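A.B. asks: What follows is a structure written as structure tokens; I'll ask about it next.
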Protein chains: 2
Amino acid sequence: MKLRTEQLERFDRDGYLFFPSLFTPQEIKTLTDEVPALYAQRRPENVREKTGDVVRTNFAAHLYSYPFAKLARHPRMVEPIKQLFGEDVYMHQFKINGKQAFDGDVWQWHQDYGTWLNDDKMPAERAMNIAIFLDDVNDYNGPLMFIPGSHKRGVVDAKHDLTTTSYPLWTIDNALIGQLVERAGGKNGGIVAPKGPAGSMIVFHGCLVHASGSNLSPWNRVAVYLSLCAVSNHIRRFKRPEYIAHRDFTPITTLPDDCLLKNYPVELPWKNGMPASALETSTDDLKLAA
Amino acid sequence: MKLRTEQLERFDRDGYLFFPSLFTPQEIKTLTDEVPALYAQRRPENVREKTGDVVRTNFAAHLYSYPFAKLARHPRMVEPIKQLFGEDVYMHQFKINGKQAFDGDVWQWHQDYGTWLNDDKMPAERAMNIAIFLDDVNDYNGPLMFIPGSHKRGVVDAKHDLTTTSYPLWTIDNALIGQLVERAGGKNGGIVAPKGPAGSMIVFHGCLVHASGSNLSPWNRVAVYLSLCAVSNHIRRFKRPEYIAHRDFTPITTLPDDCLLKNYPVELPWKNGMPASALETSTDDLKLAA
């Protein structure tokens, strides 16, 4: 899949691209069938909602689940990002966010690159977010919201929110959000929320300010969120555990386009649990070979 | 304002009616201008969000604020309800819900009549909810959501939720919400959220199941929510303080249609604070004159 000039221009202006129904229902079924078993596992990669036992985020399934390992190498997802960066990419983060029916809590306004910079010392904004819907997304199940063009502002001030939800996040000041929304059109387009069937994909800039509301509907809104980072832009510090911020900077080798429906060999290095080293963290800068 | 046959049929089927822009911007301005001063008051009628100092609900402003006292007697609001019940009505509850920008929290799925029955011993469902938008309501500032037709189920089982938000509520089991939404059309109309400019009004049945999401947008979503009860159906128990569930069953006398823009005399009995008796509560049934 190659992005057209018009798409490249739109991405530059708005900070995101939406691809409705990029994956077929058959392809998505190979992924959703796997989620209950993943969420049922008692492992540190499952972070639960503060209200109880419902999983909010599962990390790094591409290292221990066969269907997700194939998704992580899917050309429809990886190729456009390589095109945007003009170089190879590696997997910086891979998560399955279960904004489950009734229990799904909010994600406050934030930029992902703020976290990558502050926590991981990622040198530049050359990492991209990708959201792949495993469920239909509608008005009622907490769609992802963006402030178009907000990526142009670069990294903005943020404070570390450790209390609102069950996952710590660098969140942005309300007054600044108000300004960004106003600049993007106020009540006429200042906030957008792409909605569509399962299998849709959003690509969005690491500096694009985004949030999502609660899910009070009876419909799950499970989505894969992953971040692909340009290899030359790999992180310089291992302050967060490896299942959250990956340390393997090997370029992704894509599989054929039919990989979700057919069998292809992939490695599952964390199949029997993550290595102890993945939990080791450091606030020191990485010693780089000269 | 008189409801037409088609509106009466729609209300019977769906459990709600929506009147976009029923009040003019000039009329609404007389109300919104008053809200900051009301919210700033330190009185028990202001209930704040659990996250801090932002007001979630202000109660009984019609007893101490001149513009809201006139709204409480507005014929465009009161006459349709008298028509629906075929008798006079009194004010059972009057609140200004400030689902403020960024801080507005969810209201879980509930029926209001559940509370009126369980707490106030209101004999029948002959009380109506009215929502009047003081701000524009859009997709992003936590619109009220309904399950159309759910009022036909009558009173459903509920549990007393004292923890989710800062205001206790009788909330409904998730499995039942799922069934009601499915019966109402599932993803095709099983949940609706009327949106429109400030000055719009929603009338909805006391048994209609409703909820509202968080407001992460930079736009306040302040609305007046009030309940008009048929006089013969007045509550039989004073378990809740009077500023929450009123004890004056005098029929409302409407003012002229231009009352928000002109001066008309109204009483403001709680202008200097509520009487001590308003906080006295009892779990005994009311002694009714034979």
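Coordinate-derived values only; no laboratory data. What you are looking at is a predicted structure, and each value in this text was computed from that prediction instead of being measured. Please note: Cβ atoms are built from the backbone with ideal geometry, for glycine as well, and neighbour counts cover all protein chains shown.
A.B. asks: How well do other chains shield peptide B:113-120, expressed as the mean number of their Cβ atoms within 10 Å of each residue Cβ? Mind showing how you got there, number by number?
C.D. replies: Values: counts 0, 0, 0, 0, 0, 0, 0, 0.
Going residue by residue through B:113-120 and averaging, the value is 0.
A.B. asks: Follow-up. Could you list the square roots of 5 times each eigenvalue of the Cα gyration tensor of region B:1-62, that is, the equivalent ellipsoid semi-axes, sorted largest first and rounded to whole Å?
C.D. replies: Numbers: eigenvalues 215, 57, 19 Å².
After diagonalising the Cα gyration tensor, the semi-axes are 33, 17, 10 Å.
A.B. asks: OK, next. For region B:221-260, state the semi-axes of the equivalent ellipsoid (square roots of 5 times the eigenvalues of the alpha-carbon gyration tensor), sorted largest first and rounded to whole angstrom.
C.D. replies: On the way: eigenvalues 103, 53, 14 Å².
The three semi-axes for region B:221-260 are 23, 16, 8 Å.
A.B. asks: Let me ask something else about it. If you count, for every residue in A:213-223, the Cβ atoms of partner chains within 10 Å of its Cβ, what is the mean?
C.D. replies: 6
A.B. asks: Counting each DSSP H run of 4 or more residues in chain B as -39500 (n - 2.57), what helix-only mean residue ellipticity at 222 nm follows after dividing by all residues, to the nearest 500 deg cm²/dmol? Before the final figure, lay out each step's value.
C.D. replies: Numbers: 7 runs with 58 residues, N = 290.
So the helix-based figure for chain B works out to -5500 deg cm²/dmol.
A.B. asks: Let me confirm one metric for peptide A:128-139, namely the mean number of other chain beta-carbon atoms within 10 Å of its residues' beta-carbons. Could the numbers behind the result be given before it?
C.D. replies: Working: counts 0, 0, 0, 0, 0, 0, 0, 0, 1, 0, 2, 8.
Partner-chain Cβ atoms within 10 Å, mean over residues of A:128-139: 1.
A.B. asks: With all pairs of different alpha carbon atoms counted, what Kirkwood hydrodynamic radius in Å does region A:48-143 show?
C.D. replies: Working: mean 1/r = 0.0647 Å⁻¹.
Every distinct Cα pair counted, the radius reaches 15.5 Å.
A.B. asks: Let me ask something additional. Any chance you could check the Cα centroid distance between region A:39-92 and region B:80-118 for me, in angstrom?
C.D. replies: Each part's Cα centre sits 43 Å from the other's.
A.B. asks: Output needed: percent of Cα pairs per 10 Å distance bin for region B:1-113, bins running from 0 to the one holding the longest distance.
C.D. replies: The distribution over region B:1-113 is 11, 35, 37, 16, 2, given as percents.
A.B. asks: Among the GluC sites (Glu not before Pro) in region A:1-98, which ones are in a DSSP loop with at most 16 other Cβ atoms within 10 Å of the Cβ? Mind listing them?
C.D. replies: On the way: sites: A:Glu6, A:Glu9, A:Glu27, A:Glu34, A:Glu45, A:Glu49, A:Glu87; in loops: A:Glu34, A:Glu45, A:Glu49, A:Glu87.
In loop regions of region A:1-98 (DSSP not H, G, I, E or B), the sparsely surrounded GluC sites (Glu not before Pro) are A:Glu87.
A.B. asks: Shifting gears a bit: With viscosity set to 1.567 mPa s and temperature to 4 °C, compute the Stokes-Einstein D of chain B, Rh being the Kirkwood radius across alpha carbon pairs; µm²/s, no decimals. Write down the numbers at each step before the final one.
C.D. replies: Numbers: Rh = 19.3 Å.
Rounded to a whole number, D works out at 67 µm²/s.
A.B. asks: Provide, for q = 0.12, 0.13 Å⁻¹, the log10 of I(q)/I(0) from a solvent-free Debye sum over equal Cα point scatterers in the protein assembly as shown.
C.D. replies: Log-scaled intensity ratios, in q order: -1.14, -1.28.
A.B. asks: Using the structure shown, select from A:Lys159/A:Lys271; A:Lys70/A:Lys95; A:Lys262/B:Lys187; B:Lys95/B:Lys271; A:Lys50/A:Lys239; A:Lys195/A:Lys262 the pairs with a Cα to Cα distance greater than 25 angstrom. Could the numbers behind the result be given before it?
C.D. replies: Working: A:Lys159/A:Lys271 36 Å; A:Lys70/A:Lys95 14 Å; A:Lys262/B:Lys187 31 Å; B:Lys95/B:Lys271 16 Å; A:Lys50/A:Lys239 23 Å; A:Lys195/A:Lys262 28 Å.
The pairs that break the limit, which is 25 Å between Cα atoms, are A:Lys159/A:Lys271; A:Lys262/B:Lys187; A:Lys195/A:Lys262.
A.B. asks: Taking every Cα atom in region A:148-287, find the radius of gyration and the maximum pairwise distance Dmax, and write them in Å.
C.D. replies: 18.8, 51
A.B. asks: For chain A, set up a GNM with springs between Cα atoms under 10 Å and report which of A:Thr171, A:Thr250, A:Thr115 has the largest fluctuation.
C.D. replies: A:Thr250
A.B. asks: With a Cα-only, solvent-free Debye model of region A:215-290, what are the log10 I(q)/I(0) values at q = 0.24 Å⁻¹?
C.D. replies: Log10 I(q)/I(0), no solvent term: -1.26.
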